[in-house]
Structure formats: C-alpha cells, structure tokens
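The values are calculated or read from the model by the stated rules, or taken from the named source; none is laboratory data. This is a predicted model, so every value here is computed, not measured. Every residue, glycine among them, receives a Cβ derived from its backbone with ideal geometry; neighbour counts consider all protein chains shown. Side chains are part of the model used for accessible areas, which takes the heavy atoms of the whole protein and leaves out ligands, DNA and RNA. Shrake-Rupley method; radii C 1.70, N 1.55, O 1.52, S 1.80 Å.
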Amino acid sequence: MYDTLISAGQLQQALASATPPVVLDCSFDLTDGAAGQRAHDAAHIPGAFYVHLDRTLSGAKTGRNGRHPLPGQEDFVQAMAALGLDNDTQVVAYDNAGGMYAARLWWMLRWVGHAAVAVLDGGLAAWKAAGQPLQTGATAPRARGDFSLRPALVSCVDYDAVKANIDSRERLVVDARAPDRFRGENETLDAIGGHIPGARNRLFRDNLAADGRFKPAAQLRQEFDAITGGRPASELINQCGSGVTACHNLLAMEVAGLRGAALYPGSWSEWSAQPGAPIGTGAD
C-alpha cells in the first residue's frame with residue numbers, strides 16, 4: 001500500500017499489475033476554473049479520471065466559510081464511489097502544480113477513512129520525464145464502487161478552536177502561503193491581508209526540490225523542526241489561504257515522520273471574513 005508518495009516508476013508497475021490503482025487527476029488553475037479539465041482532456045495518465053477542486057473537493061460557499069470549504073463527508077464519499085472506488089482501492093492522485101491540488105485529495109480521502117492513497121511524486125511532469133505514455137479524451141467509466149465512510153485518519157479544527165489557541169498557545173499554527181501574503185503584503189485573493197497571530201510561515205513549495213519532487217524525509221524533518229521548534233505534530237495546526245496548500249505541508253510532514261498535525265480547513269479566507277478576527281502583520 002502507498003499512503004504518502006509514489007514514484008512514476010512505481011505507478012507504472014502498479015498500473016500493469018492485476019489490481020491497478022485508480023488514478024485521479026487534480027490539475028487546476030485558481031485563475032481559470034476550466035483549465036484543469038482542458039489540460040486533462042489534452043493529455044493525462046492512461047485511465048485517469050478528472051477531479052475538480054471546486055465541484056468535488058469543495059463544498060458550498062457562504063461568504064464566511066472560506067474560498068474552498070470542505071464538502072459534506074457523505075457527499076464526497078458518494079463522489080468517490082461514483083468514480084469506482086472500493087474500500088480497498090489503491091488511489092493515486094496527481095496534478096500539474098507540484099502536488100498542491102493532489103495533496104488536497106490525499107488529505108480528504110484520509111478524512112473519510114481511506115488510507116490507501118498516495119500522491120504521484122513530481123506529478124505529471126515526472127510521468128512525462130520517465131517516458132511514460134499519455135492518453136487524450138475521456139476515460140471509460142468504471143462500475144460504481146462500494147466506497148463508504150469510515151473513521152477519519154486525520155483531524156481538523158474550526159475557527160473557534162484556532163481563535164482560542166491564540167491565548168492558550170497550546171498548538172502552533174503553520175501557514176503555507178507565500179511569505180509576502182503572510183506578512184500582509186500583495187494580497188490578491190482575500191479581502192484582508194495578514195496572518196493568524198502567533199503563526200509561523202512555511203511556504204508549501206519549499207517542500208519540493210529543484211526537480212519538482214519532494215525533498216528527502218530527513219531534510220523535510222529538519223526544515224519543519226527549525227520552524228516549529230521541534231514541537232510534536234500533535235501540537236501543530238496547518239492552514240493556508242483556503243485549506244488547499246496546507247494539505248501539501250501535511251503530506252510533507254507525513255513523509256518526514258511528523259504524523260498527527262491538524263488542518264484548519266477554512267484557513268485565511270475564512271479567518272479574514274470573520275468580524276473582529278485578530279490579524280497579525282509583518283514577519284511575526
């Protein structure tokens with residue numbers, strides 16, 4: 001079973017096996033919601049199905065619950081069953097953006113109790129670089145699977161818990177956004193710039209080496225410990241702009257052996273929409 005990362009070579013072997021994984025393409029563009037589907041139709045890993053960030057990996061927005069709120073667990077389970085997943089199906093998620101969207105699907109499948117899910121290390125670029133074939137057009141649908149909701153393998157916290165933590169400091173918030181947005185500069189996605197007071201910044205792209213693959217586990221562990229002061233994962237809360245790239249940090253932590261950190265799904269887009277929410281600016 002693969003439950004964090006899978007290489008292009010490992011995926012190729014798995015697809016040729018008697019029980020091939022279900023491959024899900026999560027490619028997306030925040031500035032063009034249809035771009036991911038177009039890219040998928042033009043070229044994808046053979047047999048892959050497309051999963052849309054807004055339609056499948058997010059729920060309804062209220063104006064106060066962030067830009068990519070989680071859908072209902074049962075709604076998500078039914079969407080996965082419709083793609084042919086069973087409770088024992090190995091799933092491989094990939095995208096065209098360094099894993100930032102695939103990691104969201106990875107976390108969400110764990111959120112509904114499914115352990116056998118991995119992200120393709122290096123994404124579609126790594127698959128191409130390995131000389132593997134591509135497919136165009138639509139993939140033939142699979143028969144509906146018996147995928148069901150099981151106890152969550154991950155944890156999440158809400159706005160009230162994160163706000164209370166500002167005073168208690170029982171947990172440390174790790175923000176996956178770019179440093180300038182963390183400082184409250186150049187904010188283009190949310191109405192207010194800044195960060196949750198007391199948070200530390202870890203840009204999700206820093207999890208990747210120059211070749212687009214995740215850094216070695218020991219290096220990731222060292223880098224996260226430098227930011228968190230070596231606090232155990234159970235004392236960490238991950239957030240970003242809308243609960244997407246925070247999952248990239250959560251995946252990197254799992255690779256590094258830091259298991260048990262929580263996600264704040266609403267993240268900055270929810271936090272900054274709450275009347276009177278405390279706002280931090282600058283580097284601290």
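Do we have any residue at all in region 37-50 that's free of Cβ contacts under 8 Å to residues at least 12 places away in the same chain and more than 16 Å from Met100 (Cα to Cα)? Yes; the residues of region 37-50 include at least one that is free of Cβ contacts under 8 Å to residues at least 12 places away in the same chain and more than 16 Å from Met100 (Cα to Cα).
Once region 106-132 is narrowed to residues that are more than 16 Å from the chain's Cα centre (by Cα) and in a loop (DSSP other than H, G, I, E, B), the residue that is surrounded by the most Cβ atoms within 10 Å (Cβ to Cβ) is Gln132. Give the residue that is nearest to Ala191 (Cα to Cα), with candidates limited to residues of region 52-75 that are at pLDDT 95 or above and touching a helix residue (DSSP H, G or I) at 6+ places or on another chain (Cβ under 6 Å). Applying the filter and picking the extreme gives Leu57. Identify all residues within region 193-245 that are small (Gly, Ala, Ser) and over 29 Å from Arg55 (Cβ atoms); write none if there are none. Gly194, Gly198, Ala199, Ala209, Ala210, Ala217, Ala218, Ala226, Gly229, Gly230, Ala233, Ser234, listed by residue number.
For region 116-146, the tally of residues that are within 24 Å of Leu250 (Cα to Cα) and not charged (D, E, K, R) stands at 11.
Take region 65-105 and flag every residue that is assigned to a helix (DSSP H, G or I), among the aliphatic types (A, V, I, L, M) and crowded, with 24+ Cβ neighbours inside 10 Å.
Met80, Ala102, Ala103, Leu105
Look at Met108 and say whether it is at pLDDT below 95 and of a type outside the set (D, E, K, R). Spell out how you get there, then give the answer.
Values: at pLDDT below 95: no; of a type outside the set (D, E, K, R): yes.
In short, no.
Residue pairs whose Cβ atoms lie under 6 Å apart, sitting 6 or more positions apart in sequence or on different chains, and linking a residue in region 1-24 that is free of Cβ contacts under 8 Å to residues at least 60 places away in the same chain and over 17 Å from Arg213 (Cβ atoms) to a partner that is open to solvent by less than 50 Å² (accessible area, probe 1.4 Å) and not in a helix (DSSP H, G or I), do not occur here.
For Thr188, the conditions (1) outside any loop (DSSP other than H, G, I, E, B); (2) open to solvent by 40 Å² or more (accessible area, probe 1.4 Å) are fulfilled apart from (1).
Give region 173-201 a look and list any residue that's of a type in the set (A, V, I, L, M) and modelled with pLDDT under 95, or say none. Hits for region 173-201 are Leu189, Ala191, Ile192.
Could you look through region 158-177, keep only residues that are assigned to a loop (DSSP other than H, G, I, E, B), more than 16 Å from the chain's Cα centre (by Cα) and on the phi < 0 side of the Ramachandran plot, and pick out the one that is surrounded by the fewest Cβ atoms within 10 Å (Cβ to Cβ)?
Looking at residues that are assigned to a loop (DSSP other than H, G, I, E, B), more than 16 Å from the chain's Cα centre (by Cα) and on the phi < 0 side of the Ramachandran plot, I get Glu170.
Residue pairs whose Cβ atoms lie under 7 Å apart, sitting 6 or more positions apart in sequence or on different chains, and linking a residue in region 146-158 that is in contact (Cβ under 8 Å) with a residue 40 or more places away in the chain and of a type outside the set (Phe, Trp, Tyr) to a partner that is surrounded by fewer than 12 Cβ atoms within 10 Å (Cβ to Cβ) and not in a loop (DSSP other than H, G, I, E, B), are Leu149/Glu74.
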